[in-house]
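Notes to accompany the following structure.
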Amino acid sequence: MRAVELFEQHRASSEVARMVGMHPESVRRWRRLWEQGGAAALRRRPAAPPPPPQAG
């Protein structure tokens, strides 16, 4: 992921956001995840299954 490469280069979140074309708040969230769990923390997770239908 390009953002990880830029984080490793100690680029500012605002600069990373411009370079990857994302909102700065998204990049700040990515950076927090990356700092806590590395690149693996940024991998996509499967979507949660939909809730079961309600009886009624």
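A 1.4 Å probe run over the chain, with the rest of the protein chains in place, finds 81 Å² accessible per residue. Placing +1 on the Cβ of every Lys and Arg and -1 on the Cβ of every Asp and Glu, with no other charges, gives the chain a dipole of roughly 80 debye about its Cα centre.
Note on M1: accessible area approximately 120 square angstrom, rounded to 10, probe 1.4 Å, nucleic acids and ligands left out.
Given the alternatives [x] 1.22; [y] 1.27; [z] 1.01, Rg/Rh (Cα atoms, Kirkwood Rh) as computed for this entry is given by [x]. 3J(HN,Hα) along region 23-30, derived from phi through the Karplus expression 6.51 cos²θ - 1.76 cosθ + 1.60 where θ = phi - 60°, amounts to 5, x, 5, 4, 5, 4, 5, 4 Hz, with x in place of Gly and Pro. Maximal additional length on extending the E8-L33 stretch stands at 7.6 nm, based on 0.36 nm per residue less the C-alpha distance. For the chain, give the percent of accessible area contributed by carbon and sulfur heavy atoms, probe 1.4 Å, rounded to a whole number. C and S atoms contribute 54 percent here.
Net length available on complete extension from Q54 to E15 is 9.4 nm, with 0.36 nm assigned per residue and the Cα-Cα distance removed.
The values are calculated or read from the model by the stated rules, or taken from the named source; none is laboratory data. Not measured: the values here are computed from a predicted model. All Cβ positions, glycine included, derive from the backbone under ideal geometry; neighbour counts span all protein chains shown. Remember, those area values only see protein heavy atoms, side chains included, never the ligands or the DNA or RNA. Shrake-Rupley method; radii C 1.70, N 1.55, O 1.52, S 1.80 Å.
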